[in-house]
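Here the structure comes first, spelled out in structure tokens, and everything after it is commentary.
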Amino acid sequence: MDPTTDNAVHAGDPGTARAALEALRAEIAKAVVGQDPAVTGLVVALLCRGHVLLEGVPGVAKTLLVRALASALELDTKRVQFTPDLMPSDVTGSLVYDTRSAEFSFQPGPVFTNLLLADEINRTPPKTQSSLLEAMEERQVTVDGTPRPLPDPFLVAATQNPVEYEGTYPLPEAQLDRFLLKLTIPLPSREDEINVLTRHAEGFNPRDLHAAGVRPVAGPADLEAARAAVAKTTVSPEITAYVVDICRATRESPSLTLGVSPRGATALLATARAWAWLTGRDYVTPDDVKALALPTLRHRVQLRPEAEMEGVTADSVINAILAHVPVPR
């Protein structure tokens, strides 16, 4: 059956939408080996209308992951390689003079897409980094005083290399806070790496996802139905208080100079709701909050230099807080 036709028939059906989004894992696994948590994170971000920062060493399939997700969701995707000489207009678009009409016309930039892969975002200066802020927050681009809406869905998946700092411009805290999730892409296990090499030996071409068998299994209609269902997922007052207590504890941690803001608390509640719905429930549990705490909060805190020198990490601080904050029953 044609996936687009199937989606049109079942548009608005939350059960079908959940099944379609669950099928993404198997579909993306045809191209990307062993990155289920990252796939789940990207789906959660789409459900929450958020954006994702992907961090991992070169060669762990960050770019391939985003391309495979776009193919499996039948969404448009564009890639921008962020470099020191990249200008804001290279991302957002600009006015171009048309000699035939003697008028300026707007030429859309690559940001006008569903999934924008901002590759190595920390290699471009802050001026160009900030060109994405309006797009991420307002879902529009303003050029020459005219706001231009972006497509829906719209997700920025930005990548950065955690080990190479020469010639980079670290993202400021205010911009990091705009990302819903920070997903770390680990090196594959030995078995997964053998699987990757075996696929390449058998002729797998990462640039040809169609040949790899990646097909659309969900679409915008499924995402819209899923978002509506997530919005109806019940959050008890006890869960709301639990999220607030976790975030307030980060502000009092002796290892941190910067704790989680109220925006971060809102983000944690949203991602926990999306995860609860994806796992088949219409209510949020403390385990849902714990499951999404690390990817939602790790980039919203800042370590003290002395704690960093002692080997403390953002993840270890958040895990310690999760272990000490009372869990509602």
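The values are calculated or read from the model by the stated rules, or taken from the named source; none is laboratory data. Note that the coordinates shown come from a computational prediction; the quantities given were computed from them, not determined experimentally. Methodologically, a virtual Cβ is constructed for each residue, glycine included, from the backbone with ideal geometry; neighbour enumeration extends over all protein chains shown. Please note that ligands, DNA and RNA were not included when accessible areas were found on the heavy atoms of the full protein model with its side chains. Shrake-Rupley method; radii C 1.70, N 1.55, O 1.52, S 1.80 Å.
Structure above, values below:
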| read-out | value |
| --- | --- |
| Debye, to nearest 20: dipole size of the chain, +1 on Lys, Arg Cβ, -1 on Asp, Glu Cβ | 420 |
| The chain - Rg and Dmax from Cα coordinates, angstrom | 20.5, 70 |
| Using θ = phi - 60° and Karplus 6.51 cos²θ - 1.76 cosθ + 1.60, couplings along segment 66-79 (whole Hz; Gly, Pro as x) | 5, 5, 5, 4, 4, 5, 6, 9, 6, 10, 6, 9, 9, 10 |
| Accessible carbon and sulfur surface of the chain relative to its total accessible area, %, 1.4 Å | 54 |
| Span from the segment 205-263 Cα centroid across to the segment 12-34 one, whole angstrom | 16 |
| MRE, 222 nm, helices only [DSSP H, n ≥ 4, -39500 (n - 2.57), over the chain, to nearest 500] | -13500 deg cm²/dmol |
| Amide H partners (placed H, <5 Å) of Leu155, local residues excluded | Leu115, Leu116 |
| Accessible area (Å², per residue) of the chain, counting only protein heavy atoms and a probe of 1.4 Å | 48 |
| Amide H within-cut-off set for Leu258, under 5 Å, with H built and near neighbours excluded | Gln302 |
| Amide proton proximity set for His51, modelled H, under 5 Å, gap of 5+ | Leu180, Leu181 |
| Asp152 versus Arg139: modelled label distance in nm, points set 7 Å from Cα along the beta carbon direction | 0.5 |
| In the chain, lysine pairs with alpha-carbon atoms under 19 angstrom apart (chain gap of 8 or more, or interchain) | 4 |
| Selection of trypsin sites (Lys or Arg not before Pro), segment 243-322, meeting DSSP coil and at most 15 other Cβ within 10 Å | Arg281 |
| Estimated inter-spin distance, Lys127 and Asp282, nm [label 7 Å along Cα→Cβ] | 5.3 |
| Restricting segment 253-329 to chymotrypsin sites (Phe, Trp or Tyr not before Pro) in coil, as DSSP defines it, with at most 11 other Cβ within 10 Å | none |
| Label-point separation in nm, Arg199 to Ser236, each point 7 Å along Cα→Cβ | 4.1 |
| FRET efficiency, Gln107 to Met309 (Cβ-Cβ, R0 51 Å, nearest 0.05) | 0.55 |
| Highest-fluctuation residue, Ala231, Ala157, Ala135 considered, GNM on the chain with Cα pairs under 10 Å | Ala231 |
| Vicinal HN-Hα couplings computed from phi for segment 314-321 (Karplus, 6.51 cos²θ - 1.76 cosθ + 1.60; Hz; Gly/Pro x) | 4, 4, 5, 5, 5, 4, 5, 5 |
| In order through segment 17-29: 3J(HN,Hα) via Karplus (6.51 cos²θ - 1.76 cosθ + 1.60), integer Hz, x for Gly, Pro | 4, 5, 4, 5, 6, 5, 5, 4, 4, 5, 5, 5, 5 |
